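What follows is a short report on a single structure.
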Amino acid sequence: MDIVSGNVGWIEVVCGPMFSGKSEELIRRLRRAKIARKRVQVFKPSIDNRYSDSDIVSHSAQRMGSESVSGAKDILAKLDWRTQVVGVDESNFFGPDLVDVAQQLADTGKQVIIAGLDTDYMGRAFQPMPELLALAESITKILAICMRCGNPAKHTQRLVESEDLIVVGAAGMYEARCRRCFEPGISKQEYFPFAQPKAVSEAT
Ligand code: ADP
Ligand code: ZN
């Protein structure tokens, strides 16, 4: 997104629940930066090796080569200072350190694009997203589709038993839910089909 012309740095944030398309959007923006012949580096947390150790991968199997880092400070250590665009996926795995790192990168002229969850499995704001949203030049919130009712979904529903804030997992362990269908914590996992067949039978 070209929100600023010239070589001034800035922070763009893409947030939303799991399955909302954050990684797809991050990949789309980074691809465009590469088309514009900008120097791009992409970072992902090494703890997140669900699909690949080296690539960021979306649930729709789009992928892009990236570097794994163990923490936010590692991004600075691995940065080639000629890089113009820095992409970071899964901000919630980095914690509060990511805020300073993002600011430092933007202050030194980099375009920083960060994707991550804005709420956790309890529906609470998920660090460091609140602070990143406040500091960013551009913010985009995207929604998924609720797996119970088909409405737009802002929540990440945990389906497995755990009270840990971070449990790395994808389909089967989490699903997207709307405000009405979300059960903070762990879902009871009954099967609720989408509402359309009921609406049809009521109409007849
Ligand atoms: P995120 O990074 O936000 O977890 P991804 O970019 O990895 O999301 O994946 C988004 C893709 O996931 C969608 O384009 C769609 O193909 C697929 N998908 C699976 N479940 C859902 C859902 N409940 N709502 C929307 N998209 C879904
Ligand atoms: Zn719903």
For the chain, built as a Gaussian network whose Cα springs stay under 10 Å, the top-fluctuating residue of 158, 39, 177: 39
Please return the longest range in the chain lying between exposed loop sites, taking GluC sites (Glu not before Pro), DSSP loop only, at most 16 other beta-carbon atoms within 10 Å, and leaving the sites out. 1-136
On a full-extension model of 0.36 nm per residue, what is the gain between residue 173 and residue 84, subtracting their alpha-carbon distance, rounded to one decimal in nm? 28.4 nm
Between the alpha-carbon centers of the range 97-153 and the range 14-28, tell me the distance in whole angstrom. 10 Å
Residue of 35, 56, 75 that the Gaussian network model of the chain assigns the largest fluctuation, springs spanning Cα pairs under 10 Å: 35
Alpha-carbon Rg/Rh ratio, for the chain, with Rh computed the Kirkwood way: 1.02
Computed [θ] at 222 nm, helices only, for the chain once each DSSP H run of length n ≥ 4 contributes -39500 (n - 2.57): -6500 deg cm²/dmol
Ordering 146, 181 by accessible area with a probe of 1.4 Å, largest first, what comes out? 181, 146
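The values are calculated or read from the model by the stated rules, or taken from the named source; none is laboratory data. Treat the numbers as computed from the prediction; the structure is a model and nothing was measured. Counting neighbours? That spans all protein chains shown, and the Cβs are built from the backbone with ideal geometry, glycine included. What goes into the accessible areas is simple: the full protein's heavy atoms, side chains included, and nothing from ligands, DNA or RNA. Shrake-Rupley method; radii C 1.70, N 1.55, O 1.52, S 1.80 Å.
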